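To keep things clear, I will list the structure first and then write my remarks on it.
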Amino acid sequence: MSEDASNAHEFSVSELALSLKRTVEDAYGHVRVRGELGRVTIAKSGHMYLDLKDEKAVIDGVMWKGAVNALSFRPEEGLEVVAEGRLSTYPGRSKYQIIIEKLEPAGAGALMALLEERKKKLAAEGLFAAERKRPLPFLPKVIGVVTSPTGAVIRDILHRLEDRFPRHVLLWPVVVQGETAAPQIAAAIEGFNALPAGGPIPRPDVLIVARGGGSIEDLWAFNEEIVVRAAAASGIPLISAVGHETDTTLIDFASDRRAPTPTGAAEMAVPVRAELMADVRGWDERLTRGLMRLVDNRKNELRSAARALPRPETLLGLARQRFDSAADRLPVALNRLVERRKDRLRIASASLHSPKALIAMARQRYAGSKDRLAPALRSLTRSRRERLNTVMAGLRPATLKRELQRERRSLDQLVVRLTVGAESRTRERRKDLAALSARLESVNFKSVLGRGFALVRDGDGALVRAGAGLQSGQGIEIEFADTRRKAVVDGEGRSTPPQSAPPKRRSPAPKHPSPKQGSLF
């Protein structure tokens, strides 16, 4: 063994490992690496472990929980990324690794490729099928909105609903950007669907998931599988209004309707009340005109039917002629019958051996028949006359007049019932209109002032939303429910209230993350 080798310093394993760690960290204290993600694992602690690779090499990477929560997208295997951080070693396994402090996709092309791949996967499962989409309710009573409570989106939706047809609005506040946005949005959609019908919080008839415009990274939460699956599984019809008209996210394909903007979503959710009222008035006028035409038609039909009926004299004339003709032929026919019987009697008596006896018997029968014939003829004539009188009584003008009067009374009763029904329907529509007008009045901002709130305007009349922008000595105007008062901001940034009424203290707003009922309605 040489002398130099025998004098070399002996390192312990730990000393050598720590020395290598310091050397690597000093030489590569800040690096920027581009590569493809391999294995991606998020531990229960929230830290993320991954492989960063290219076609020739692989580097282990670790990203601590705080940096993971700041990501605007979800890292997935196969995604090309740019990682910034520092190189270090892990002495426990003699490995070197990159401690990642910042991770971003390697351009929009990578995100679009990931988006297209995810879109094909979900489409293959049938989540975007047209037959799964349901029609929106014509006039929902309750509208659920999933969006940020502090952005301009909710104000635009509420303002548009108030202009078209005010409805009861439930807001489920969520963040719409960042790592926690997707779980919150999915939980909001599932939470609205979990509300029981008839519960203390009304179940929405339609949902609006909305967000303002932004880059593809800003809108990435609405491309996450958890959000898309929640939208597809929603039992409540859902309108997606994410970004501007040119922005497209995966939730747009899973929703029942896609709106170009949040304002467009409000227009899809409700019709225009003024147009509905005009339609109701038009239907009422058409119903009235239709009833009047029906009554006039029935009157004309009755007159036509009355003119078509024959006169009683016409109906009885033929029967009277037949009766007179029969009465004239009856005596002649009786005489002929008697003559024929006499001839037969003479012929029969000539053939008898005892003509006198036969003649006597024949005379007796003839006398009996003659006595019975006259009463029988009178009885027959009387019965025929009674039947004729009965027929004539049924065809008398007075009887026909009574039938005509009865039909007219029935028609008059029908006209009265139709008129009463039309008036009742009109009163019901007027009551509905009065109720709608009362609800419109209830959302007037004057009624809000009547509950103890006030509006503050600066010297130019512009609305003051925050006290930070006021300056000492600046003049302001405070509007109460019954009057307006001038005031001046003092040196400490406070306004001097009018002397006629002390300022009212406002109760602190609740800070619950659960769905909140819209305060405007």
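The values are calculated or read from the model by the stated rules, or taken from the named source; none is laboratory data. All of these numbers come straight from a predicted model, not from anything done at the bench. For neighbour counting, all protein chains shown are included, and Cβ atoms are generated from backbone atoms with ideal geometry for every residue, glycine included. The accessibility values were calculated without ligands, DNA or RNA, using every heavy atom of the protein model including side chains. Shrake-Rupley method; radii C 1.70, N 1.55, O 1.52, S 1.80 Å.
Some notes on this structure:
- Across the range 278-286, rounded Karplus estimates of 3J(HN,Hα) from the backbone phi angles (6.51 cos²θ - 1.76 cosθ + 1.60, θ = phi - 60°) give 5, 4, 5, 4, x, 5, 5, 5, 5 Hz, Gly and Pro being marked x.
- Sequence-distant residues sharing a close amide H with ASP218 (under 5 Å, placed H): none
- Ordering LEU287, SER14, GLY214 by Cα displacement along the dipole of the chain toward the positive end leaves LEU287 in first place; charges were set at the Cβ atoms of Lys, Arg (+1) and Asp, Glu (-1).
- For the range 1-141, relative contact order (Cα pairs under 8 Å, six or more residues apart, normalised by length) works out to 21 percent.
- Our estimate of slack between VAL488 and GLU125, defined as 0.36 nm per intervening residue step minus the Cα-Cα distance, is 124.2 nm.
- Amide H contacts for ILE476 (H built 1.01 Å from N in the peptide plane; partners 5 or more residues away or on another chain; cut-off under 5 Å): ALA487, VAL488, VAL489.
- Projected-area mean, the range 86-174, by convex hull of Cα positions, square nanometres: 11.8 nm²
- Over all pairs of different C-alpha atoms in the range 237-379, the reciprocal of the mean inverse distance, the Kirkwood hydrodynamic radius, equals 26.2 Å.
- A Förster distance of 56 Å, applied to the separation of the beta-carbon atoms of TYR96 and ALA468, puts the FRET efficiency at 0.65.
- Rounded to the nearest 20 debye, the dipole magnitude of the chain is 8840 debye, with +1 charges on Lys and Arg beta carbons, -1 on Asp and Glu beta carbons, and the Cα centre as origin.
- Annotation: extensible slack from ASP458 through ALA393 equals 13.7 nm (criterion: 0.36 nm per residue apart, minus Cα-Cα distance).
- Under 5 Å, built H, 5+ apart or other chain: amide partners of LEU127: none
- Sites ALA274 and ASN300, calculated FRET efficiency, Cβ-Cβ separation with R0 56 Å, nearest 0.05: 0.90
- Taking label points 7 Å from Cα along the Cα-to-Cβ direction, LEU20 and LYS401 give a separation of 13.0 nm.
- Extent along the principal axes, Cα only, for the chain: 198, 84, 36 Å, with the longest axis given first.
- The loop-placed chymotrypsin sites (Phe, Trp or Tyr not before Pro) in the range 24-78, going by DSSP, that have at most 15 neighbouring Cβ atoms within 10 Å of their Cβ come out as TYR28, TRP64.
- Remark: the range 74-83, residue by residue, has Karplus-estimated 3J(HN,Hα) of 9, x, 9, 4, x, 7, 7, 9, 10, 10 Hz, where x stands for each Gly or Pro and the curve is 6.51 cos²θ - 1.76 cosθ + 1.60 at θ = phi - 60°.
- Accessible surface, the range 142-195, averaged per residue in Å² (probe 1.4 Å): 35 Å²
- Centre separation in Å (Cα based) which lies between the range 238-263 and the range 57-74: 30 Å
- Solvent-accessible area, 1.4 Å probe, carbon plus sulfur percent, for the range 360-411: 55 percent
- Options VAL448, LEU318, GLN474, ranked by Cα towards positive dipole end of the chain, top entry (Cβ charges): LEU318
- Sequence of GLU285, GLU84 when ordered by accessible area, the most exposed leading, probe 1.4 angstrom: GLU285, GLU84
- The alpha carbon gyration tensor of the range 27-105 gives principal lengths a ≥ b ≥ c with a/c below 1.5, which makes the shape rounded.
- Antiparallel DSSP beta bridges within the chain, percent to nearest 5: 65 percent
- Residue-averaged 222 nm ellipticity for the chain, from DSSP H runs of 4+ at -39500 (n - 2.57), nearest 500: -17000 deg cm²/dmol
- Treating r as the C-beta distance of LEU139 and ARG86 and R0 as 45 Å, the FRET efficiency rounds to 0.15.
- Only Cα pairs under 8 Å and 6+ residues apart enter the sum, and on that basis the relative contact order of the chain stands at 10 percent.
- Added length on full extension, which subtracts the Cα-Cα distance from 0.36 nm per residue, ALA435 to ALA194: 83.7 nm
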